[in-house]
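Okay, so here's the structure we're looking at.
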Amino acid sequence: MTLWKSNLFVLSLALLLAGCQSTPYQRQELDAPAQWRSAGTQTQADMSREHWWQGFDDPSLLAVLEQASSHNPDLSIALLKLRKAQLAAGLERSDALPSLSGDINAGTKRTLGESSAWSRSSGGSLSTSYELDLWGRVDARLRAADQEFRASAYDEAAARLLSDSTAAGLYWDIAALKARQTLGKADLADLRRIQALAEAKWRAGATSEQDVTQARSAVLSQQADLLTLADERGQKENALALLLDHAPGAALPPIGPLPLAPGQPAIDAGLPSSLLERRPDLMAAEARLRGKLAKVDQERAAFFPALKLTGSLGSSSSALSSLVQNPLLSLGASLSLPFLEWRKQGLQLKTSQADYELETVSFRKTLYGAYQEVDNALSARQRLLQVVQLQTATLALNRRSEQLAESRYRAGAVDAQTWLDAAKARRGSESALLRLRQEQLKNLADLYKALGGAPAA
């Protein structure tokens, strides 16, 4: 009885020590800003994927995003990695359970050089083994695999945000190029009209040949610009086709020209302190940090003996039908002593601790980089709002200036170059406004990705 109580005490102590091997994760002290520098007026907006992208009021954009979410190869890779991490976690859980194995064998034999008859034998066995997790090594291994699975799930969510942002950016690039091509074709028609008028006046002796050469040069220059725009558009369409898992030149969803006043959804930037619970790549980085801590626990527990219980049930007989008549049951236990290789175990522990420290620094750098990314995007958003207003006013003035220059040219008060310069200034203002609108839309998509989408509920 005394020996039994002593063994029970030792076992209880071992189990108590095992529960103490899990190092609690404590988030490091982080210097988070109290608020964004350029958040502007805070707006409560529904930033869930299903609602926020509808704020652009563009069904064609939604169609492209849906195709990207189902065909983007990068998303498929992220999903496969998630599946692989899930299977790896399942394997770790399976290894922690008692293992079973069995075999059945049969054979015949006889002694060489003698006239003895063939003898037949059959056998079968069923064995099991189970490692008692006295020091938390198996638990640490399970926690590390679980954190990797969590990180892969966050990676998949981050890949979806990146897919939406990239697809939308390419969509707006193509739309802006189409709008600039439309403007360019209209400008080419105007330049040809100016050229025809200059040639008519030159033939009538009302103007010099210089006006004609200037008008012809403007037409050729505009034709070259249109060829450049067509080439840029083709490259962007090929990039979008690749994102949608199509070959270059494949048919794309319909994309119209970018309007000068597109719809824009509101942004709910929240507070910097909420970014860590909102942005999936940060949550993935912290999950891997927790996994590195579990690896440290696993290497620390590797110093302690590993106790494995085994059992087998088997039988052998000269007749297969009599196997169950003489069963043999055996039980056993094995104790490994890894601390005998204390030098190697110590180096492995220090390596895992160094990995954890590296992951800690990397996580802090990633988090501060995320703060900077959001703050810069918010600042750019405020700048673009103001610059678009100024450029809109500039375009209105240049349009009026072109009208006045045309009237004066027709009245003979100025030469053709004055009209051409005014038309060029107006075209430049329209193109600049289109570029600003394009940049404004892409900034919203980047900001949505940088914020991590919808705030945590």
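The values are calculated or read from the model by the stated rules, or taken from the named source; none is laboratory data. This structure is a prediction, so every number in the text was calculated from the model and none was measured. In this analysis, Cβ positions are derived from the backbone assuming ideal geometry, glycine residues included, and neighbour counts consider all displayed protein chains.
Every residue, every condition in (1) in a helix (DSSP H, G or I); (2) touching a Leu at 6+ places or on another chain (Cβ under 7 Å); (3) over 25 Å from K178 (Cα atoms); (4) basic (K, R), yes or no:
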position: V374; (1), (2), (3), (4): yes, yes, yes, no
position: D421; (1), (2), (3), (4): yes, no, no, no
position: A425; (1), (2), (3), (4): yes, no, no, no
position: K442; (1), (2), (3), (4): yes, no, no, yes
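Inspect segment 354-368 for any residue being in a helix (DSSP H, G or I), among the polar types (S, T, N, Q) and free of Cβ contacts under 8 Å to residues at least 24 places away in the same chain and give the result as yes or no. No; the residues of segment 354-368 include none that is in a helix (DSSP H, G or I), among the polar types (S, T, N, Q) and free of Cβ contacts under 8 Å to residues at least 24 places away in the same chain. Of all the numbered requirements in (1) at pLDDT 90 or above; (2) part of a helix (DSSP H, G or I); (3) among the β-branched types (V, I, T), V212 misses one, and that requirement is (1). Give A425, A454 a once-over and let me know the one that is in contact (Cβ under 8 Å) with a residue 60 or more places away in the chain, surrounded by fewer than 20 Cβ atoms within 10 Å (Cβ to Cβ) and of a type in the set (A, V, I, L, M, F, W, C). So the residue among A425, A454 that is in contact (Cβ under 8 Å) with a residue 60 or more places away in the chain, surrounded by fewer than 20 Cβ atoms within 10 Å (Cβ to Cβ) and of a type in the set (A, V, I, L, M, F, W, C) is A454.
Take the conditions modelled with pLDDT under 90, under 26 Å from the mean Cα position of the chain (by Cα) and either in a loop (DSSP other than H, G, I, E, B) or surrounded by 15 or more Cβ atoms within 10 Å (Cβ to Cβ) (or both) and apply them to A266. Does it pass? Yes: the conditions hold for A266.
If you filter segment 64-82 down to residues that are within 16 Å of A445 (Cα to Cα) and not charged (D, E, K, R), you find that the one that is farthest from the chain's Cα centre (by Cα) is V64.
Rundown of residues vs (1) at pLDDT 90 or above; (2) within 21 Å of the chain's Cα centre (by Cα), yes/no style:
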{"residue": "E237", "(1), (2)": "yes, no"}
{"residue": "A241", "(1), (2)": "yes, yes"}
{"residue": "L252", "(1), (2)": "no, no"}
{"residue": "L258", "(1), (2)": "yes, no"}
{"residue": "R279", "(1), (2)": "yes, yes"}
{"residue": "M283", "(1), (2)": "yes, yes"}
{"residue": "A287", "(1), (2)": "yes, yes"}
{"residue": "D297", "(1), (2)": "no, no"}
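Restricting segment 130-177 to residues that are of a type in the set (F, W, Y) and either within 30 Å of G263 (Cβ to Cβ) or more than 10 Å from the chain's Cα centre (by Cα) (or both), the residue that is surrounded by the fewest Cβ atoms within 10 Å (Cβ to Cβ) is Y130. The C-beta contact set for segment 385-399 (first residue touching a residue at least 12 places away in the same chain (Cβ under 8 Å), second residue surrounded by 13 or more Cβ atoms within 10 Å (Cβ to Cβ) and polar (S, T, N, Q), distance under 6 angstrom, 6+ apart or interchain) comprises T394/S429; L395/S429; N398/S429.
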